[in-house]
Amino acid sequence: NVIFSPMLDAIVKLHQAVLEDFRKNGDRKCGEVLLSKAPYFKMYTSYLNGYDAAIDLITLHRKKNKKFEKFLVRQRRADLKAPRWKHMDIASYLIMPVQRIPRYELLLKEIIKNTPEKDSAL
């Protein structure tokens, strides 16, 4: 549970629900969708609190356990066959949830910037 937070499953489900709501409600409702899901973003606190420990543990085991290191290298090579995830190692995957929240903030700022002030959707 140190490397793969028990919160990961809940985070994935949250973002599946957000995506479904974006698709269902159209592009003019992004703010409403995110606002409706806002209470659930608190689960990120738990994930973020354990992130450094997960990276430290991976680093430790990579140094101490050659089989673990070889396994991670093999998995990364396997990713090369999937173009979307090219050249990503385990740390790159684990940082993705950490980067998600700032992306939503940037999305909302872009929506506000590109929406006329008199627009009722704003």
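Evaluation of ALA53 against the conditions (1) assigned to a helix (DSSP H, G or I); (2) open to solvent by less than 70 Å² (accessible area, probe 1.4 Å); (3) touching a helix residue (DSSP H, G or I) at 6+ places or on another chain (Cβ under 8 Å) shows that the sole unmet condition is (3).
Summed over the stretch 1-49, residues that are part of a helix (DSSP H, G or I), within 24 Å of LEU94 (Cβ to Cβ) and either touching a residue at least 40 places away in the same chain (Cβ under 8 Å) or open to solvent by less than 40 Å² (accessible area, probe 1.4 Å) (or both) total 16.
Would you please list the contacts, defined by Cβ atoms under 6 Å and residues six or more apart or on different chains, that run from a residue in the stretch 50-72 that is within 19 Å of MET88 (Cβ to Cβ) to a residue that is outside any helix (DSSP H, G or I)? Taking only residues 6 or more apart or on different chains, the pairs are ALA54/VAL2; ALA54/ILE3; LEU57/VAL2; LEU57/ILE3.
The values are calculated or read from the model by the stated rules, or taken from the named source; none is laboratory data. The shown structure was predicted, so the numbers you read here are calculated from the model rather than taken from an experiment. Don't worry about glycine lacking a Cβ; one is built from the backbone with ideal geometry, like all the others, and counts go over all protein chains shown. The area values use the complete protein model at the heavy-atom level, side chains included, leaving out ligands, DNA and RNA. Shrake-Rupley method; radii C 1.70, N 1.55, O 1.52, S 1.80 Å.
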